1. When a/c reaches 1.5 or more, the comparison of a/b and b/c decides; with that in mind, is the chain rounded, prolate or oblate per its Cα gyration tensor?
2. How high is the relative contact order of the chain, given as a whole-number percent (alpha carbon pairs under 8 Å, six or more residues apart)?
3. Quick check: residue separation of Gln191 and Phe134 times 0.36 nm, minus the Cα distance between them. What number comes out in nm?
4. Treating cross-link reach as a plain straight distance, find the aspartates and glutamates whose alpha-carbon is under 12 Å from the alpha-carbon of Lys74, omitting any fewer than eight places away in the same chain.
5. Sequence neighbours fewer than 8 away in the same chain don't count; with that in mind, list the lysines whose C-alpha is under 26 Å from Lys30.
6. Place the peptides 24-37, 174-187 in order of packing, highest mean first, counting for every residue the other Cβ atoms within 10 Å and averaging per peptide.
7. Need one word for segment 119-220: rounded, prolate or oblate. Basis is the Cα gyration tensor (sqrt eigenvalues a ≥ b ≥ c); a/c below 1.5 gives rounded, then a/b vs b/c decides.
8. Per residue, how much accessible area does the chain have with a 1.4 Å probe, in Å²?
Amino acid sequence: MILTPIDHDALAPLLPAFRTALADLPLAAKVFDRVTALIPEGSLMTLSTDSTHHADAVELCRRFGFGILDVDPKSWFTWDGTNVAIQMEPSVLIHEVAHYQCASPERRAVLDFGLGCGPESGKRAEADAVQTLFCPERDVEEALCSLLGILWEAELDQPAVLAFLEQNWMEGGTSLHNVAHFKKIVRWLDQMGLIDQDGRPTMGLRTEADDTFFARWFAE
């Protein structure tokens with residue numbers, strides 16, 4: 001949910017200001033340009049439910065080898081360790097691909113990636129029982145997944161800026177903290193091989209285990 005809704009009039013001056021704040025990290029600027037390349041007309045507050053966007057999201061899941069379950073995750077899990085439930089908005093489905101890429105190898109085949117029951121999953125007790133990643137580490141991984149999934153939306157010519165706003169990337173505006181957080185996420189996606197030097201998402205997968213990965217994150 002968007003914490004502070006932003007309409008077209010408010011967004012217009014905010015985008016170039018944020019872009020200027022990224023000038024010292026060209027890759028971050030490229031990422032931002034990709035995310036904001038398509039500004040749809042009308043409300044910015046509603047994620048796409050376009051059937052073509054959904055079909056493209058399902059195809060992306062197939063590219064990563066996901067099994068496809070044509071069910072509502074409320075009756076199952078969002079990710080059961082092998083299959084993804086696809087009766088979700090395209091943006092949410094693409095976000096699951098990013099979770100697969102960002103999860104440690106040992107959690108990639110775990111219910112809801114070992115993060116505990118996701119907001120779309122219906123079998124809360126089962127998913128929570130196998131949770132192995134908790135805050136603050138979970139928040140770090142969620143941020144990485146968030147931006148990576150948004151970049152996949154842009155790659156698929158979908159209105160990525162909607163998820164960018166919905167997932168609160170502009171909540172802090174051009175504050176030093178918000179800009180620094182964005183830059184760090186971009187740097188780490190780059191180091192993980194999950195984006196290329198043009199800011200485009202790759203088919204890469206995280207290879208590092210949780211203990212070493214998060215030790216490095218919090219030491220930086």
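1. Values: a/c = 1.70, a/b = 1.25, b/c = 1.35.
Oblate is the answer for the chain, as a/c is 1.5 or above yet b/c matches or exceeds a/b.
2. Computed value for the chain: 26 percent relative contact order.
3. Values: separation 57, 0.36 × 57 = 20.52 nm, distance 2.29 nm.
Full extension of this stretch gives 18.2 nm more.
4. Glu120
5. Lys183, Lys184
6. Details: 24-37: 17.9, 174-187: 15.6.
Result, highest mean first: 24-37, 174-187.
7. Working: a/c = 1.39, a/b = 1.21, b/c = 1.15.
Judged from the Cα gyration tensor, segment 119-220 comes out rounded (a/c under 1.5).
8. Numbers: 9850 Å² over 220 residues.
Averaged over the residues of the chain, the accessible area is 45 Å².
The values are calculated or read from the model by the stated rules, or taken from the named source; none is laboratory data. Computed from a prediction, not measured in an experiment: that's the story for all the values here. Positions of Cβ are generated from backbone atoms using ideal geometry, with glycine treated the same way; all protein chains shown enter the neighbour counts. Side chains are part of the model used for accessible areas, which takes the heavy atoms of the whole protein and leaves out ligands, DNA and RNA. Shrake-Rupley method; radii C 1.70, N 1.55, O 1.52, S 1.80 Å.
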